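A.B. asks: Can you keep this structure in mind? I'll have questions shortly.
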Amino acid sequence: MYNKEDKILIIGAGGQIGIELTEALNKLYDSSNVIAADLKPIAALPNNPFEKLDILDKDALFNCVKKHGIKQVYLLAALLSATGEQNPLFAWKLNMEGLFNILELAKEKHLKKVFWPSSIAVFGPTTPRNNTPQFTVMEPSTVYGISKQAGERWCNWYFNKYGVDVRSIRYPGLIGWKSAPGGGTTDYAVHIFYEALKKAKYTCFLGENATLPMMHMEDAIRATIELMHAPFENIKIRSSYNLSGLSFNPKEIANEIKKHIPSFEISYETDFRQAIADSWPASINDKEAHEHWAWKAHYNLETLVQNMLTNLNKKNSK
Ligand code: NAD
Ligand code: SER
């Protein structure tokens, strides 16, 4: 499944996941074959060809795929849960039309393989909250979650109907030190590190008991690459795979940070994002990902906090 010569297009490459994913793909493919596309140039990716591309512009997308002879697409452009609630109709348009534009190109055999991320936001308040299984009640209450759930069904449909090799993960909240988050409910778990190092205090927009599924970005990138390089026949779920890293709430991560920065204080001023967090699972069961493509997370809360503080300290001292 690994062809080093494949040309890869990452759409939304300038975002929280895109920067780290592009860097990781540069280690597997020649960086000149990994094309970074976004609405504006990406200073953090100086070694990759860049295409200024709006995923909603179907003709420009087709021209870009033809121009570079693209074989694989990672579609990361989307509005996330918090910004989606503030701009619901545009969130629906971007999240759905962007996906259709790619699935149609794959249906017409212009692409070999597609990665499209889903989210824990596909679950809702009626979903079993702990150890949430792969197949369960799904009544998402956010526009973002509705778009991800619909997207999952469409991916499954394009696979069944046209054999489109589309692969997907329901990412939990992602935490990394290289890039900033872009408008989600789990963003607090990145912001807290910056504020802890800068001011030794942080005001959290979620309450202290808001336990959510989370994952270190390194684990998420590794999962994405492992899924995309797994043999075709191993991928038995074509909607999207549950993926579990760790689970914690703001109080627990603050206590872990305090072990390194004893003066650190957290306070709470909840906003509309609390209701979103309340509607999502606290923990995820990902046994299908283990069984089908041997997924295993590496980071726990202790190692995640250690890694984030060490790397952000190094980054700040440069
Ligand atoms: P992000 O907001 O950080 O990045 C998205 C990127 O897409 C941005 O660089 C933006 O400029 C670009 N973009 C926006 N509109 C575009 C358009 N019309 N055409 C081209 N590019 C456009 O998002 P992210 O956190 O990197 O998330 C990427 C994907 O992963 C999304 O589908 C998101 O739903 C999913 N996801 C992310 C998380 C997370 O914790 N970060 C969790 C679950 C799922
Ligand atoms: N991290 C994402 C969000 O909070 C989950 O999809 O929107």
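The values are calculated or read from the model by the stated rules, or taken from the named source; none is laboratory data. Remember, it's a predicted structure, so these values are computed and weren't measured experimentally. Neighbour counts run over all protein chains shown; Cβ positions are idealised from the backbone, glycine included. Just the protein is used for accessible areas: all its heavy atoms, side chains included, with ligands, DNA and RNA removed. Shrake-Rupley method; radii C 1.70, N 1.55, O 1.52, S 1.80 Å.
A.B. asks: Could I have the simple spin-label model distance between Phe50 and Glu233, label points 7 Å from Cα toward Cβ, reported in nm to one decimal?
C.D. replies: Roughly 4.4 nm, to one decimal.
A.B. asks: Let me ask something else. Treating only the Cβ of Lys, Arg, Asp and Glu as charged (+1, +1, -1, -1), what charge dipole size does the chain show about its Cα centre? Round to the nearest 20 debye.
C.D. replies: Value, rounded to 20: 560 debye.
A.B. asks: Moving to a separate point now. Output the antiparallel fraction of DSSP beta bridges having both residues in the chain, as a percent to the nearest 5.
C.D. replies: 10
A.B. asks: Rounded, prolate or oblate: which fits the range 258-312, taking a ≥ b ≥ c as square roots of the Cα gyration tensor eigenvalues, rounded meaning a/c under 1.5, else prolate when a/b beats b/c?
C.D. replies: Oblate, because a/c is 1.5 or more while a/b does not exceed b/c.
A.B. asks: How high is the FRET efficiency from Ala150 to Arg129, r the C-beta distance, R0 22 Å, rounded to 0.05?
C.D. replies: With a Förster radius of 22 Å, E is 0.45.
A.B. asks: Sticking with this one: Would you mind counting up the charge near Lys27? Only other residues with Cβ under 15 Å from its Cβ, with Lys and Arg at +1 and Asp and Glu at -1.
C.D. replies: Summing Lys and Arg as +1 and Asp and Glu as -1 gives -3.
A.B. asks: With every protein chain present, what is the per residue accessible area of the range 94-197 (1.4 Å probe, Å²)?
C.D. replies: Result: 34 Å² of accessible area for each residue.
A.B. asks: What full-extension length gain, to one decimal in nm, is calculated for Glu265 and Thr203 as 0.36 nm per residue of separation minus the Cα-Cα distance?
C.D. replies: Going from the current span to full extension adds 21.5 nm.
A.B. asks: Further question: How large, in percent, is the carbon and sulfur part of the accessible surface of the chain at a probe radius of 1.4 Å?
C.D. replies: 52
A.B. asks: With only Lys, Arg, Asp and Glu charged, each at its Cβ (+1 for the first two, -1 for the last two), find how big the charge dipole of the range 160-318 is about the Cα centre; round to the nearest 20 debye.
C.D. replies: Computed charge dipole of the range 160-318: roughly 460 debye.
A.B. asks: Then there is this: Only four residue types carry charge here, +1 at the Cβ of Lys and Arg and -1 at the Cβ of Asp and Glu. Report the dipole size of the range 1-141 about the Cα centre in Debye, rounded to the nearest 20.
C.D. replies: Dipole of the range 1-141, to the nearest 20 debye: 340 debye.
A.B. asks: Which one of Leu246, Ala200, Leu75 is farthest out on the positive end of the charge dipole of the chain, using unit charges on Cβ (Lys, Arg +1; Asp, Glu -1) and the Cα centre as origin?
C.D. replies: Leu75
A.B. asks: Another question about this same structure. Which of Lys52/Lys287; Lys58/Lys296; Lys113/Lys315; Lys178/Lys259; Lys27/Lys58; Lys71/Lys93 have a Cα-Cα distance over 27 Å?
C.D. replies: Lys52/Lys287; Lys58/Lys296; Lys113/Lys315; Lys27/Lys58
A.B. asks: The range 13-62 to the range 171-220: how many Å between their Cα centroids?
C.D. replies: If we compute the Cα centre of each part, the gap is 24 Å.
A.B. asks: Okay, moving on. Sort 39-52, 156-169, 8-21 by packing, meaning the average of other beta carbons within 10 Å per residue, with the highest value first.
C.D. replies: By packing density, highest mean first, the sequence is 8-21, 156-169, 39-52.
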